[in-house]
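The values are calculated or read from the model by the stated rules, or taken from the named source; none is laboratory data. Worth saying up front: this structure is predicted, and the values here are computed from it rather than measured. Here the Cβ positions follow ideal geometry from the backbone for every residue, glycine too, while neighbour counts run over all protein chains shown.
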2 protein chains.
Amino acid sequence: MRTLFLSGKAFIQEKYYIVKNHQATIVDIARTLNLSKSTVSRALTGHPNVKAGTREKVLEMAAQMDYQRNQLAISLLTNRTQTVGIIVPEFLSFFFPKVIIGAQNVLAEAGYNVVICHSNESYETEVANTKALLASRVDGLLVSHTKETRNFDHFRVFERKGIPVVFFNRIVEELGGSKVAVDDYGGAFRAVGHLIQTGKRRIAHLAGPDSIQNSRNRLNGYLDALRRYDIPVDPALIISYDLTLDKANIYVNHLLNLPQPPDALFAINDPTAIEALKVIKSRGLRIPQDVAVVGFSDDPVSALIEPGLTTVAQPVDEIGRQAAALLLKQLAADDERPEAETVVLETRLIVRGSTV
Amino acid sequence: MRTLFLSGKAFIQEKYYIVKNHQATIVDIARTLNLSKSTVSRALTGHPNVKAGTREKVLEMAAQMDYQRNQLAISLLTNRTQTVGIIVPEFLSFFFPKVIIGAQNVLAEAGYNVVICHSNESYETEVANTKALLASRVDGLLVSHTKETRNFDHFRVFERKGIPVVFFNRIVEELGGSKVAVDDYGGAFRAVGHLIQTGKRRIAHLAGPDSIQNSRNRLNGYLDALRRYDIPVDPALIISYDLTLDKANIYVNHLLNLPQPPDALFAINDPTAIEALKVIKSRGLRIPQDVAVVGFSDDPVSALIEPGLTTVAQPVDEIGRQAAALLLKQLAADDERPEAETVVLETRLIVRGSTV
DNA sequence: CTGTTAGCGCTTTCAC
DNA sequence: GTGAAAGCGCTAACAG
């Protein structure tokens with residue numbers, strides 16, 4: 001039987017640990033076969049200048065030794081990790097997982113791995129995430145920032161280092177980099193228009209935090225729809241909140257307790273709208289006769305509950321695919337980065353029992 | 001103004017790319033400050049043997065240069081990446097994201113990064129995932145295998161290389177490595193017992209694929225509950241399926257079309273049960289009078305729909321935390337790996353309108 | 001307290 | 001067709 005040689009460190013460790021904790025390297029293969037590591041490397045990477053017989057022997061020995069190339073060493077050498085980072089603020093609702101899957105499909109096809117980071121809506125965590133991704137030398141970044149993020153310097157670092165960043169869903173206008181958004185303004189405008197057309201006049205808006213650009217756009221869509229139909233804007237009916245559902249519960253109750261309560265509610269997203277439905281039902285009010293409700297995103301749950309939730313659908317996995325595609329475009333350019341692009345995807349109103 | 005030196009490659013690249021695409025290294029800092037890279041390294045890592053003034057200068061220059069340590073180089077040197085891989089078969093339902101969050105919290109506290117891989121219920125993808133994680137030299141692995149996986153050799157490689165693997169949710173009994181499961185058998189037994197106690201006698205079971213260990217355990221719990229109450233087992237009422245919801249729809253309809261249709265259904269998981277509720281309602285049958293339904297996992301949606309879904313709750317993020325803790329235990333041991341452990345967590349029946 | 005040296009695993013010239 | 005040598009960025013002996 002042929003002896004299996006092991007590279008440097010392992011020889012020493014062998015005394016204590018046996019072979020178990022050593023990962024085979026090209027040097028191990030080279031020594032066992034009496035070749036140089038250059039030849040082994042060539043055989044493994046499919047370089048043409050290797051004799052067919054040699055290549056076979058190398059491949060066979062590699063399999064026998066469970067050889068697995070060390071991506072760390074290659075990345076260190078080539079200065080490219082073939083890895084893309086994705087930072088999302090949460091992933092318990094369907095939205096971000098679906099975006100991630102869309103992005104991953106496109107990136108995997110192009111040979112990129114994906115590292116997913118969960119900032120948990122915390123600015124601190126988000127900054128830590130960017131540091132970790134920088135340290136692990138990702139080639140690019142996809143990001144949807146937290147609701148707390150108001151300072152974007154941690155993303156500017158990527159820009160300075162020439163690492164492309166693509167913002168999606170929660171985008172940052174003042175930063176360079178490509179962006180993928182949906183037509184939040186138009187979606188909100190149509191949603192509120194729909195409520196008005198069904199006869200509603202006191203339409204409340206449970207808005208998202210001002211720090212998130214799509215919250216602002218949806219608010220503007222709401223405001224312009226009211227103006228379009230000459231309905232006075234009542235500031236008491238507009239509440240901006242931090243997206244934690246127990247707060248939504250409090251605010252919906254507050255709105256319903258007003259001397260002149262709303263006859264409809266446009267919520268920043270579906271979880272908020274669903275929470276509102278619960279509150280409204282628990283108070284014995286009829287939906288949509290007493291209070292109609294519209295959400296945003298078309299969460300799968302919206303079709304399951306009763307009444308079904310009218311909502312503004314967004315092409316969720318398309319957001320991920322587009323973001324990935326824009327990043328790949330940046331990554332493809334060897335020298336000069338191509339100009340950043342912004343993609344805005346369409347939204348679509350889905351009418352269900354909560355409004356008609 | 002002081003000149004900022006740049007290490008080797010950058011000098012050449014500078015002609016073409018300017019400085020933009022160069023990431024500062026300790027050599028850059030060392031040259032700029034007229035120090036050796038060892039001293040810079042020591043200052044940066046907080047080694048005691050550095051003059052306070054020197055440390056300050058280094059830290060300041062590092063910040064000025066946007067220095068970010070290269071984790072690749074460190075990992076190559078230390079043979080540890082401080083990174084743990086997690087492979088999950090899907091993450092559109094709440095379950096796996098929540099497990100991941102639980103695991104991530106524990107691992108982050110111990111200084112580990114997490115790379116999440118999505119096998120998409122595909123054996124091929126899962127094997128590719130393990131290869132990628134091996135190549136990127138993760139220190140450990142958390143995994144819940146796909147429904148297609150029947151050959152586990154790709155996990156045995158980790159074992160051979162001394163990289164600890166912890167299985168959760170879908171565990172593999174014949175493999176070494178720690179495991180985290182819930183009491184699927186007991187949960188199923190109690191769920192079916194509950195149905196029997198509410199007067200049901202023809203209880204169908206929409207089971208998961210035989211390849212998944214918890215499907216088998218839940219099936220056994222179902223069978224033993226029937227036996228315990230001397231209710232004959234009718235094979236026509238047991239259907240094992242592949243967890244794609246459109247199939248669930250077909251099978252539920254099939255069951256309801258039987259000459260002697262079931263008066264209750266125990267579903268392998270909540271999405272299946274919710275699909276069943278839809279079918280049953282659409283056929284004008286009353287829930288639970290005509291057909292009662294029980295699910296498994298307590299998906300948040302189960303509390304939102306009408307009627308609410310009776311279900312077997314599992315401590316989802318605890319599964320993640322426990323899996324991470326078991327992995328850390330393996331990782332902590334420098335030389336000999338401690339013996340693998342198996343943790344079984346309790347389940348709890350949550351009774352809602354779909355059964356009473 | 002600081003510098004010198006070696007080497008982690010790999011690819012890539014440059015020789016032969 | 002193959003080998004020798006250099007070097008990616010960093011840490012850790014070993015010297016002073």
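The table below lists the values:
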quantity	calculated
Enumerated helices (runs of 4 or more DSSP H) restricted to segment B:225-331, each holding at least 3 residues that are away from chain A (no Cβ under 14 Å)	B:245-256
Any hit, segment B:56-78, residues being outside the structural domain of B:Ala24 (by TED's automatic domain parsing), surrounded by 15 or more Cβ atoms within 10 Å (Cβ to Cβ), more than 14 Å from DNA strand D (Cβ to nearest atom) and among the hydrophobic types (A, V, I, L, M, F, W, C)	no
Unique match (being in contact with a strand residue (DSSP E or B) (Cβ under 6 Å, 6 or more places away or on another chain) and either under 30 Å from A:Gln322 (Cβ atoms) or outside any strand (DSSP E or B) (or both)) among A:Ile116, A:Ile29	A:Ile116
Residue within segment B:37-52 that is surrounded by fewer than 19 Cβ atoms within 10 Å (Cβ to Cβ) and away from DNA strand D (no atom under 13 Å from the Cβ) present	yes
Evaluation of A:Phe152 against (1) of a type outside the set (Lys, Arg); (2) at pLDDT 95 or above; (3) more than 20 Å from A:Gln330 (Cβ to Cβ) (one fails), failing number	(3)
When residues of segment A:293-304 are limited to those that are over 20 Å from the mean Cα position of the chain (by Cα) and within 13 Å of A:Val192 (Cβ to Cβ), the one surrounded by the fewest Cβ atoms within 10 Å (Cβ to Cβ)	A:Val293
Test result for A:Asp290, surrounded by fewer than 22 Cβ atoms within 10 Å (Cβ to Cβ) and charged (D, E, K, R)	yes
Members of segment A:298-356 found to be without any contact (Cβ under 8 Å) to a residue 24 or more places away in the chain, in the same structural domain as A:Glu109 (by TED's automatic domain parsing) and touching a helix residue (DSSP H, G or I) at 6+ places or on another chain (Cβ under 7 Å), listed by number	A:Asp335, A:Pro338
Residue match in segment A:124-131 (condition: crowded, with 17+ Cβ neighbours inside 10 Å, in contact with a Cys (Cβ under 7 Å, 6 or more places away or on another chain) and modelled with pLDDT under 95)	yes
Given (1) small (Gly, Ala, Ser); (2) at pLDDT 95 or above; (3) surrounded by fewer than 24 Cβ atoms within 10 Å (Cβ to Cβ); (4) under 14 Å from A:Pro164 (Cβ atoms), number of the condition A:Gly308 does not satisfy	(4)
Pairs, first among the basic types (Lys, Arg) in segment B:34-59, second part of a loop (DSSP other than H, G, I, E, B) and near DNA strand C (Cβ under 7 Å from one of its atoms), C-beta under 6 Å, six or more apart	B:Arg42/B:Val50
Residue count, segment B:71-112 (criterion: of a type in the set (Lys, Arg) and within 12 Å of DNA strand C (Cβ to nearest atom))	1
Selection from segment A:121-151 of residues that are within 12 Å of chain B (Cβ to nearest Cβ), in a helix (DSSP H, G or I) and of a type in the set (A, V, I, L, M, F, W, C)	A:Ala128, A:Ala132, A:Leu133, A:Leu134, A:Ala135
Flag for A:Gln68 being within 16 Å of DNA strand C (Cβ to nearest atom), in contact (Cβ under 8 Å) with a residue 24 or more places away in the chain and over 11 Å from the mean Cα position of the chain (by Cα)	yes
Residue in segment A:17-25 that is buried (at least 16 other Cβ atoms within 10 Å of the Cβ), at pLDDT 90 or above, more than 24 Å from B:Asn113 (Cα to Cα) and near DNA strand C (Cβ under 7 Å from one of its atoms) present	yes
Subset tally (residues that are surrounded by fewer than 22 Cβ atoms within 10 Å (Cβ to Cβ), of a type in the set (S, T, N, Q) and either assigned to a strand (DSSP E or B) or in contact with a strand residue (DSSP E or B) (Cβ under 8 Å, 6 or more places away or on another chain) (or both)) for segment A:152-205	1
Residue within segment B:334-349 that is buried (at least 23 other Cβ atoms within 10 Å of the Cβ) and within 21 Å of B:Ile101 (Cβ to Cβ) present	yes
Segment A:40-96, residues that are facing another protein chain (nearest Cβ under 10 Å), of a type in the set (Val, Ile, Thr) and either in contact with a Phe, Trp or Tyr (Cβ under 8 Å, 6 or more places away or on another chain) or part of a helix (DSSP H, G or I) (or both)	A:Ile74, A:Thr83
Subset tally (residues that are away from DNA strand C (no atom under 11 Å from the Cβ) and either surrounded by 12 or more Cβ atoms within 10 Å (Cβ to Cβ) or within 14 Å of chain B (Cβ to nearest Cβ) (or both)) for segment A:27-36	4
